[in-house]
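First comes the structure, then the notes that go with it.
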Amino acid sequence: MKLKKVLVAVVTAVTVFGFSGFSNPVAAEPGFADSHLTPFHIPLNSSWQTYLGANDNDWYAVKNETSEMMYIAFTVYPSSSSTLNVDFQYMFRDANGSYTPAFYLHDAGPGKAEGLQRVAINPGATFLWNVIPHNSGTDINELYTTSVHETTPPPFDVNQ
């Protein structure tokens, strides 16, 4: 009887918290990952879909928790029916907590995917990227997806 009560409690908790904890918002959410100090950590080899509002920006992060150099590819792309134009910046936080200056990626234009391939992340370091609407202040609430995937190292040694 005790085991049955425990199982019912676990199933209820997973149903209530498990599914709601991973659902995406249906509109841009002010306060969601609005700073590089509070990014949304995306698991490696996954995607996240959410909305971007007019004066919104969303920070994401992936950490290299291995003892070797890790290479990732990441993209940001609007929904297929969208003409959303995003800009974004990226930076690194090293294992000691120091940040690099932010770098801005060239704007690909409305409705286009943007991203980087073969980004090298040192052991213990975190790669952060910020999705920003190109025309802030305009009335938008557009769906977009960002993804991060582990990839292979460059076919050459950059130190030679």
Among the residues of region 126-157, write down those that are assigned to a strand (DSSP E or B), aromatic (Phe, Trp, Tyr) and modelled with pLDDT under 90. Tyr144
Among (1) over 23 Å from Thr152 (Cβ atoms); (2) surrounded by 12 or more Cβ atoms within 10 Å (Cβ to Cβ), there is one condition Leu128 misses while meeting the rest; what is its number? (1)
Determine whether Val26 is at negative phi and modelled with pLDDT under 85. yes
Among what's in region 60-109 and is closer than 23 Å to Gly124 by Cα and polar (S, T, N, Q), pick the residue that is surrounded by the most Cβ atoms within 10 Å (Cβ to Cβ). Asn64
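The values are calculated or read from the model by the stated rules, or taken from the named source; none is laboratory data. These numbers were taken from a predicted model, which means no experiment stands behind them. Cβ: placed from backbone, ideal geometry, glycine included. Neighbour counts: every protein chain shown.
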